[in-house]
Every structure is written in C-alpha cells, then in structure tokens.
C-alpha cells in the first residue's frame, strides 16, 4: 500500500478562503441594513383572518391593545418602532417570551389563542421575503 501524498495549504487557498469570508460578511451587513428600511406595519390576525393593521409610524406614544381569542386574553404594546406581547393568559407563554420585534419579517405567535402579529415593511425599499425557514 502506498502512503497518500501530504497535502499542504498554499497562499492561494488562504486567499480564496479570505475572499469567501469577506463576501459572507458583506452580504450579512447588506441584508441587515436592508431589513431596517421603510415604515413598519403590524398585522394582527386571529385564526388566520386579519383583524387589524396598524401603521407603527402613526403612533406617537406607546399604546396598548387587548385581544381575546378562544378564551385567552392577550395584551400588546405597540410603539412607533416595536411591538411587544406584554401579557397572555395562555399556558406556555411562548408569545410573551418572544420579546420585542422591531424589523419587517419578524412575528409573535400565540398558538393556543391562534393569534399572530407580523411586522411588514411598507416602504418602497422594503425587502421582499422569498422564503422563511425555521
């Protein structure tokens, strides 16, 4: 049996790796900057049906909204830049633990109450979402 040849990295291998890392970092920052553009709109849906759409830029002071669905009561706090589920009497509290959402494409979901809150970008430069995984 012949021994396998010893493989070593060359300068070109390092240069290619450096270019790939630089491109990945550049694309990450470009996407992050694009996600924050445009006005935000909160779309509240219960059981898949939109019940309210709120332009966050129209809110000058934080406001509270209360929704009731399937016997559960949920409270949202909306401001000009963010949405937070402040209270829910559902058993698992995943919607409350989601925290504050601030960018288009983010959402808060309460499965027991079948309520969802999605943030959409309404500006002309808002990015379109092709697919959401995970």
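Would you pick out the residues in segment 90-102 that are farther than 16 Å from residue 64 by Cα and either part of a loop (DSSP other than H, G, I, E, B) or touching a residue at least 24 places away in the same chain (Cβ under 8 Å) (or both)?
90, 91, 92, 93, 98, 102
Filter the strands (runs of 3 or more DSSP E) completely within segment 36-76 down to those with at least 2 residues that are surrounded by 12 or more Cβ atoms within 10 Å (Cβ to Cβ) and in contact with a helix residue (DSSP H, G or I) (Cβ under 9 Å, 6 or more places away or on another chain).
The strands (runs of 3 or more DSSP E) meeting that bar are 40-46.
Only one of 134, 105 is assigned to a loop (DSSP other than H, G, I, E, B), on the phi > 0 side of the Ramachandran plot, touching a helix residue (DSSP H, G or I) at 6+ places or on another chain (Cβ under 8 Å) and modelled with pLDDT under 90; which?
105
Inside segment 110-126, can you point out the residues that are buried (at least 17 other Cβ atoms within 10 Å of the Cβ) and at pLDDT below 60?
126, the sole residue that qualifies.
The values are calculated or read from the model by the stated rules, or taken from the named source; none is laboratory data. Here the structure is a predicted model, which means the values were calculated and not measured. Ideal geometry is used to build each Cβ from the backbone, glycine not excepted, and the neighbour counts take in all protein chains shown.
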